[in-house]
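To start, the structure under review is shown below, and the notes come after it.
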């Protein structure tokens, strides 16, 4: 070991100041190369990062366009369905009003029954009412309609008695289920009159 240490000391001593310059120059040159390598790596990573950002922006833009299209389709479909329900429910309530106007006197006992022509009109209107509702109404609305129509059928054809208050309550239940379905008002409407 002493031999190697003395050899190294002799080489450095013989080089003298030039050895110091060689060591300093090699250190400086190593730093320059390291800086260049780091700059090249940094530049390469920045390019890759920018490419990834660009791809991500493009994918985000595509997804946003797709989401916007889907949203517009959903919005148009929902609005069209809502408007269709409004039209159908209005037509249904017109039919219900017409049916009840014909049956009111029978329910109140002021009249024996409907004529053959009125029965035929009743059948046509109740079937039209059911068909309109079946197109878009949820089951809750259909059940309320079935309850009202069953009550009216029992009154007209089976001679079963009922009160006008029961008929009105069934009609209001149908109306309230329609209102809840289209979101006009979640609170139920009730009859607060004296008759």
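What follows is calculated from the coordinates using simple rules that are stated; it is not laboratory data. If you're wondering where the values come from, they're calculated on a predicted model, not measured in any experiment. Neighbour counts are summed over all protein chains in view; Cβ atoms, including those assigned to glycine, are modelled from backbone coordinates with ideal geometry.
What to note about this one:
- Over all directions, the projected convex hull of the C-alpha atoms in the chain averages 25.8 nm² in area.
- Residue 191-residue 70 FRET efficiency (beta carbon distance; Förster radius 35 Å; 0.05 resolution): 0.20
- Ranked by the mean number of other Cβ atoms within 10 Å of their residues, highest first, the peptides 74-80, 144-150 come out as 144-150, 74-80.
- Rounded to 10°, Cα long-axis angle of helix 116-136 versus longest principal axis of the chain: 10 degrees
- Between segment 132-175 and segment 51-128, the Cα center-to-center distance that results, in Å: 18 Å
- Theoretical ellipticity at 222 nm over the chain - DSSP helices of four or more residues, -39500 (n - 2.57) apiece, nearest 500: -30500 deg cm²/dmol
- Nearest 10 degrees, 0 to 90: helix 17-107 Cα axis against the chain principal axis: 0 degrees
- With the highest mean first, a sort of the peptides 161-169, 59-67 on other beta-carbon atoms found within 10 angstrom per residue produces 161-169, 59-67.
- C-alpha long axis of helix 139-157 to longest principal axis of the chain, angle in °: 10 degrees
- Relative contact order for the chain: 16 percent, from Cα pairs under 8 Å spaced at least 6 residues apart, divided by residue count.
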